[in-house]
Each structure stands twice: as C-alpha cells, then as structure tokens.
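The values are calculated or read from the model by the stated rules, or taken from the named source; none is laboratory data. Fair warning: this is a prediction, and the values are worked out from it, not measured in the lab. Using ideal geometry, Cβ is built from the backbone for each residue, glycine included, and neighbour counts are taken over all protein chains shown. Note: areas computed on protein heavy atoms with side chains; ligands, DNA, RNA excluded. Shrake-Rupley method; radii C 1.70, N 1.55, O 1.52, S 1.80 Å.
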Amino acid sequence: MFEQLPEAIQQKVKTLATEAQKLNPTGWFEVLYSEAHRDPTQIPWARLTTHPYLQDWLNFSQPQGEGKNALVIGCGLGDDAEALSKLGFQVTAFDISPTAISWCHQRFPESSVNYLVADLLALDANWHHYFDLAIESRTIQALPVEMRQRVINCIAPVVAEGGTLLAITRIRDTDVIPDAPPWPLSEKELAQFIDLGFQEVHRNFFWSEAGQNTIKQAWIEYCLHQQ
Ligand SMILES: C[S@@+](CC[C@H](N)C(=O)[O-])C[C@H]1O[C@@H](n2cnc3c(N)ncnc32)[C@H](O)[C@@H]1O
C-alpha cells in the first residue's frame, strides 16, 4: 500500500498509524483524508482507478452482477465500488472516514452506489448474511495485528450463504509482527476465514520490490458454502 510514495507522505502515514495504534487505531484515516483537502496524491492508496488486483480478479472470475448485491469494505475514494456497479451489482460501499465518503459523492455524483459512513467494527446486523459479494481491499492490513481477529470476525458475517468474499492483501511468511503499517496477514490469520466457514476457491499472488524488501500480495477468493 505504501511502496511507491513520496517519502514525506509515507512517513506521515506511518507516524499517524503508529501513534493511533494503541488509543484509536481507526481514528487516523479521517485525519489523513481531511488534511488532503481533496488532493488524491496525499492519500497513499488512492489510484483513481480500479485496483489492478481487483481488475485481475474481475478478468479471471468474470462475475455477473445483475440481480446481485455487493459490499465494498473500507471503500476509500470509491473506484472499486464503481467498477462493481458497472458490472451490474447493486453496490453498497462504506468507509469510516466521512471525508472519504463525501469525496466519493463529489467524484461520482450520478453513481448508483450507496456510499455511506460506517465502522466495520460495528456493522448493522441487517447486513448479516446479506451480500452476494463482499470485497475487502487492504483494510485488514491497515489495522493493527492485535485487532485482526476482531476485524475478520466482523467481515465474515456480511456474506450470504453461497456468496463470495474477495480479500486483497499483503501476506507475510512469518508470525513475526511488523512494527509499522501496513501489517500484512499471516497464513495463520487468513485461516480464520476457513474457521468461520469459508472455503478458499482461488488465489493469485503478486510480488513487487520496495528497496531491499520483497512485498508479497494476493487476491484471495473465498466462498461461503450453503449449509
Ligand atoms: C488502506 S485503505 C484502502 C482503501 C481501499 N479499499 C483501497 O484498496 O484503495 C483502508 C481504508 O479502510 C478504511 N477503514 C479503516 N478502518 C475502517 C473501519 N473500522 N471501518 C470502515 N472503514 C475503515 C480507511 O478509512 C481507508 O479508506
């Protein structure tokens, strides 16, 4: 998420996230969005286009959206939600940052996406088992590892029986917890989705270099089996 940024923004995000980590780990996103004053270059993850790994999954999986609903978790500036909407999904997209959501409304005034402010950690129970497709792109990894179990427990229930969950995330090969964000997921952490009734259907890896480090990312498609 942070690999190709000017150093100053990279440092700002790391400082905000690290300082917030203990007291209010979700509080810094609104600070970042509001201090950006609608300049997307100040938002490290903003690409103003469909995320390439989501696009890769869409090309691979060719989902048909007609008659289906989709949820985009931590939607940021809305491009991924718009991509699903163009495929015919009835899309709900939420973010904890009110500024991000008002930015989405400003960018896509004619959109049929239902953009709203919501906290993943306190979702409406009406959303439980409701969505045919849920997409989480890089939101789990933006939250501290200590919260991981809770975050995954909050994501899992939104998927309807027989529905699909797509996770786009960095993956770490060790159980050692990185000391600064983003905090990639370990296989042990990902296995929580399996414990919650999902089956992994497909996975595609992507590797990139950042300085001395190799970054391992993937999209992972899960299916929630019908009982
Ligand atoms: C790293 S960004 C990724 C944004 C977008 N999904 C993408 O891939 O470009 C994480 C997003 O999750 C949002 N977020 C973080 N914690 C959240 C929470 N508890 N509930 C809802 N959104 C949250 C942030 O505001 C931010 O927009």
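Extension gain, T49 to E30: 0.36 nm times the residue separation minus the Cα-Cα distance gives 4.7 nm. Taken along its three principal axes, the alpha carbon spread of region 167-227 comes to 46, 21, 15 Å, from the longest extent down to the shortest.
Compactness of region 120-166, taken as the C-alpha radius of gyration over 2.2 N^0.38 Å, stands at 1.12. Heavy atoms of the protein chains alone define the surface here; on that basis region 50-224 has 43 Å² accessible area per residue at 1.4 Å probe size.
If N is the number of residues in the chain, what value comes out of its Cα radius of gyration divided by 2.2 N^0.38 Å? The partial results should precede the final answer.
Working: Rg = 16.5 Å, N = 227, 2.2 N^0.38 = 17.3 Å.
Output field value: 0.96.
Using bins of 10 Å that start at zero, the share of Cα-Cα pairs per bin across region 22-101 amounts to 18, 44, 27, 11, 0, in whole %.
In whole percent, how big is the carbon plus sulfur part of the accessible area of the chain, probe 1.4 Å, protein atoms only?
49
Placing unit charges on each Cβ (+1 for Lys and Arg, -1 for Asp and Glu) gives the chain a dipole about its Cα centre, and among A36, A191, W57 the Cα reaching farthest toward its positive end belongs to A36. In this simple spin-label approximation, R203 and K14 carry label points 7 Å from Cα along the Cα→Cβ vector, and these lie 2.8 nm apart.
Relative to the Cα centre, the charge distribution of region 50-224, modelled as +1 at Lys and Arg Cβ and -1 at Asp and Glu Cβ, gives a dipole magnitude of about 120 debye.
Taking 7 Å steps out from each Cα toward its Cβ at T41 and E161 produces label points 5.2 nm apart. Run a plain Debye calculation on region 126-206 (Cα atoms as equal point scatterers, no solvent) and give log10 I(q)/I(0) at q = 0.12, 0.15, 0.27 Å⁻¹, rounded to two decimals, same order as the q list. With no solvent term, the Cα-only Debye profile gives -0.33, -0.52, -1.52. Counting lysine pairs in the chain whose alpha carbons fall under 21 angstrom apart, excluding pairs fewer than 8 residues apart on the same chain, gives 5.
Placing unit charges on the Cβ atoms only, positive for Lys and Arg and negative for Asp and Glu, gives region 154-204 a dipole magnitude near 160 debye about its Cα centre.
Placing dummy labels 7 Å off each Cα toward the beta-carbon, the span from V176 to R150 is 2.7 nm.
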